[in-house]
Structures are given as C-alpha cells and as structure tokens.
Amino acid sequence: MNSVFQSPKVKKIILAVRPWAIFIGIFFFLKVTGLGNQISYVTQSALLKAGVLDVQPETSTSKEQAFNYDFAVKGIDGKKLDMKDLKGKVIFLNLWATWCGPCRVEMPSIQNLYNSVDKDKVAFVMLSLDQENQQGKIADFIKDKGFTFPVYQPASPLPNLLRVNTIPTTFIISADGKVKSKKVGMANYDTEEMREFVRKLIPH
C-alpha cells in the first residue's frame, strides 16, 4: 500500500488536490449539518439590509404587455378571488414558496411596502407556488413571521406570463392592466423609490 502512495504519479495527484481539500471538507460539513443554508440566508439578508439589492423599477420594467386577468386564486382560508375583480387597482404580484430561501429573505421588505400603501387602490397578491395541499404549512409560516399581506395559491391554471422558471418573481401591474415592472430574483422593496413608483401608478 505504501508503495502506491510513494509513486511519482500518485504524489503529483495528492499535491494537486491538497489545496482544495479544506474547501471540499468545509463544503461537505456545511452540507451535512445544514449550516450552509443558514449562512446563505444570513448573507442574503445582509445584502438586502445594505441596500445592494434595492429594486430599481424603472430599470426592471419590461415591455408594457397587457396583464391577463383570466385566472383565479384562493386564500389560505380557501376563499376564491377572481383576478378580474382587481381590475382598476394597481397590483403587486409576488410568486414565492415556503421552501424558497430568497423568497423568505425579501418578504419583510414586501411587508413594509404593503404597510405603506393605500390598500383600497393597491392590491397585493402573494401567490404561493407550494403544493396544493400545503395550506397549513403556508398559514403557519405566515403566522410565525407575523406577515399581514394577503396570501394566495392558484385556483386555476396560471396565464403564461406567470409560469416563471425562477422564484421569487414579482410583477407590478398598473390600474389599466399593463405590466409596468417585472423583477426576477430577490430584491428589497422597502425603498422610497418603490413607494413612489407604486403611488404614480394609482389613478387620480
């Protein structure tokens, strides 16, 4: 066995791998213990608080395509909402899930934005993409975090626009039914720029 480790070829491989051994060890340690997820959450939260991820709605605006209201959602209490009933309001629509770390990180900033808007004119649709039978899990998560924005699940097939590959993804729709902003990925919505952006979309 010793002769194997003494061979020049094996020695060369060991020398090449050695600098990476500590990183590989740390990676597996974090993976096995679950600490990696916690570190990631803390890092993402720090970036959000530092303002690095402040959303800039004027730069995230897509082509002003028409929003398709032809679908329904249901609250975690099971009550249905036809999206057509929100026509004439500004809509903040966030696609998320309880298992999505970046979704959880940005939610306090969304709650702060929700607290600051006129709820008669701006509708929040926090649309969970958890499995249909996960209402209890969603409700427990929302209650545990103290969030008060409206939370829903799909109650019918979603339009193509909302069949996204990445969550969180957030849409802001104007009162006249145009998509004014689409943000893919985690962001900080608790900014004066975002509040002003939403206010300007409200019909006067």
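Coordinate-derived values only; no laboratory data. As the structure is a prediction and not an experimental result, all values here were calculated from the model. Neighbour counts run over all protein chains shown; Cβ positions are idealised from the backbone, glycine included.
Quick notes on this structure:
- Pairwise label distance in nanometres, PHE147 with GLN65, each label 7 Å out on the Cα-Cβ vector: 2.5
- For LYS178 and LYS79, a Förster radius of 35 Å and the Cβ-Cβ distance give a FRET efficiency of 0.80, rounded to the nearest 0.05.
- Spread of Cα-to-Cα distances over 10 Å intervals beginning at zero, given as percent, for region 57-201: 11, 46, 38, 5
- The calculated FRET efficiency for ASP120 paired with VAL164, based on their beta-carbon distance and R0 = 41 Å, is about 0.90.
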